[in-house]
1. When His99 is evaluated against the numbered criteria (1) assigned to a loop (DSSP other than H, G, I, E, B); (2) out of contact with any Pro (no Cβ under 8 Å at 6 or more places or on another chain); (3) at pLDDT below 85; (4) at negative phi, which criterion, by number, is the only one it fails?
2. His130 - would you say it is more than 15 Å from the chain's Cα centre (by Cα), under 19 Å from Phe5 (Cβ atoms) and either free of Cβ contacts under 8 Å to residues at least 24 places away in the same chain or exposed (fewer than 13 other Cβ atoms within 10 Å of the Cβ) (or both)?
3. Considering (1) exposed (fewer than 13 other Cβ atoms within 10 Å of the Cβ); (2) in contact with a strand residue (DSSP E or B) (Cβ under 8 Å, 6 or more places away or on another chain); (3) without any contact (Cβ under 8 Å) to a residue 40 or more places away in the chain, say which one Thr20 fails and leave the rest.
4. Quick one: in the range 40-69, which of the residues that are among the aromatic types (Phe, Trp, Tyr) and under 17 Å from Lys17 (Cβ atoms) is surrounded by the most Cβ atoms within 10 Å (Cβ to Cβ)?
5. Scan the range 25-46 and report the pairs whose first residue is under 20 Å from Lys77 (Cβ atoms) and touching a residue at least 12 places away in the same chain (Cβ under 8 Å) and whose second residue is among the hydrophobic types (A, V, I, L, M, F, W, C) and surrounded by fewer than 12 Cβ atoms within 10 Å (Cβ to Cβ), with Cβ atoms within less than 7 Å and a gap of 6+ or a chain change.
Amino acid sequence: MLEPFDLPGMLLVQQGKDRTFAVTKYADDDGSSIFRVVSGLDGKDGTVSLESGAQNGCYVYSGVDYKSGQSMKLSCKSSDTGFNQGASFVMNKGLSQYHPISFVAKGDKRNFLLAPLYSLRDESYTIYFHIQP
């Protein structure tokens with residue numbers, strides 16, 4: 001299952017073949033929120049593909065030339081050579097990690113990830129005083 005970082009407790013679900021994904025609070029029994037991590041369809045070392053748990057042979061597909069803001073969708077395997085590349089992703093370590101004492105606060109309409117403010121500091125500053133006689 002995939003959980004959006006900015007929506008803790010929510011799940012990414014598939015809406016069907018060649019359709020974009022949605023975010024929901026509850027997992028359905030139909031397997032629409034389950035994705036299997038398999039070896040990358042492009043055959044390169046270090047890549048993975050995300051296969052649908054509900055529809056065998058269908059994968060998370062970004063397109064060959066993915067651009068920022070472009071939607072991803074669930075697409076079934078085709079003979080198109082670009083499909084394998086568009087359905088393969090490189091797994092890297094995340095840009096940030098949860099602080100050990102982070103927790104999820106449950107709200108009325110959504111949940112929030114709470115972390116110590118000190119852990120979010122990414123820069124430090126040194127103050128210099130220019131004292132004139």
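1. Among (1) assigned to a loop (DSSP other than H, G, I, E, B); (2) out of contact with any Pro (no Cβ under 8 Å at 6 or more places or on another chain); (3) at pLDDT below 85; (4) at negative phi, His99 violates only (2).
2. Details: more than 15 Å from the chain's Cα centre (by Cα): yes; under 19 Å from Phe5 (Cβ atoms): no; either free of Cβ contacts under 8 Å to residues at least 24 places away in the same chain or exposed (fewer than 13 other Cβ atoms within 10 Å of the Cβ) (or both): yes.
Answer is no for this residue.
3. Exception for Thr20: condition (3).
4. Filtering the range 40-69 for residues among the aromatic types (Phe, Trp, Tyr) gives 59, 61, 66.
Among the residues that remain, those that are also under 17 Å from Lys17 (Cβ atoms) are: 59, 61.
Values: Tyr59: 25, Tyr61: 23.
Checking each candidate, the answer is Tyr59.
5. Here the result reads Ile34/Met1, each pair linking the range 25-46 to a residue that is among the hydrophobic types (A, V, I, L, M, F, W, C) and surrounded by fewer than 12 Cβ atoms within 10 Å (Cβ to Cβ).
The values are calculated or read from the model by the stated rules, or taken from the named source; none is laboratory data. It should be emphasised that the depicted structure is a prediction, and the values quoted were computed from it without experimental measurement. Virtual Cβ from ideal backbone geometry, glycine too; neighbours counted across all protein chains shown.
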